[in-house]
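*Asks:* Take this structure first; my questions come after.
The numbers here are math on the coordinates, done by the rules we state, and not lab data. Remember, predicted model here, so these are calculated numbers, not experimental data. Note that each Cβ is placed from the backbone with ideal geometry, even for glycine, and that neighbours are counted across all protein chains shown.
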Amino acid sequence: MPGYREMPVPEGGAFRVHPAPGALPRLTHDGPGRNRYDDPESSYAVRYAAANLTGALLETMARFRPAPQAEALLASVIGGDHQAGEADHSEPAAGLADWLAVQKVGRIRLIGPSRLVDIHDAALLVRLDKHPTVRAALEPSGLGTPLNPARLDEGVIRIGGPIGRDITQAVSRALRDWEPEYAGLAYRSRLDDEEWCWAIWDDATVEIDVEDLTPEHRFHRRAVHHAGRVLEIGLPAQWQ
């Protein structure tokens, strides 16, 4: 077996932002999970973490990004009925304050000889391209043509949306099937190429320290400000 590139979590642990960072995600058993490297067969759970708190917040706060189409539609509905100086639309991140209030910051460390493979390793992508589950996700994706079928490569592994999620979840399953010595995989954030993230399988032995996410903590506040600035999200007053 070739030696694939590996990417361990930092010595101090990887960051997980979640109301219960130590808890395993619940398996729904009624279809694939919604996250990028969830098991499409819902037989194992995945914890997600990032090398930096900024990366973890970018990944989790992305749900609050303003949606230009929705904003334009709302503005057209409001039309000329609003008074001068009034906002044309409601706050895009209206639920962000409540969301931030219940989040905690976990630092995850893997215990024992737990190996995490870099999913961007070109040789690994070539191998996983042959897995039946990956082929079943690629073939109906519309990414290829009859003469040039879709293949798993760096460009494809970075695609978002429903098409990309089907493929990356198939990659997760393929890795578990064909490379069971790994405890999970490392991947670059699609929101910031410099931010490394991990998808860690539920059978990995971990140790997690937890603290509240709070604007009183300067490190937390700076990380939330960074995510808000990158994602163009207006922050609640207590986080200004």
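*Asks:* With a cut-off of at most 16 other beta carbons within 10 Å, and DSSP calling the residue loop, which GluC sites (Glu not before Pro) in segment 1-61 qualify? Please list them.
*Replies:* Within segment 1-61, the qualifying GluC sites (Glu not before Pro) (loop, at most 16 other Cβ atoms within 10 Å) are E11, E41.
*Asks:* Still on this structure, I have one more. Amide H to amide H, which residues 5 or more places from G234 or on other chains are under 5 Å from it, using H placed in the peptide plane?
*Replies:* Counting only residues 5 or more places away or on other chains, the set is A93.
*Asks:* With the chain treated as a Gaussian network of Cα nodes joined by springs under 10 Å, which of P21, P132, P40 yields the largest mean-square fluctuation?
*Replies:* Maximum fluctuation in the GNM of the chain, among the listed residues, is at P132.
*Asks:* Could you give the DSSP H helices of the chain that reach 18 angstrom or more along their long axis (alpha carbon positions) and whose average Kyte-Doolittle hydropathy is no lower than -1.0?
*Replies:* 161-178, 218-231
*Asks:* Which trypsin sites (Lys or Arg not before Pro) in segment 12-62 sit in a loop by DSSP (not H, G, I, E or B) and have at most 12 other Cβ atoms within 10 Å of their own Cβ?
*Replies:* R26, R34
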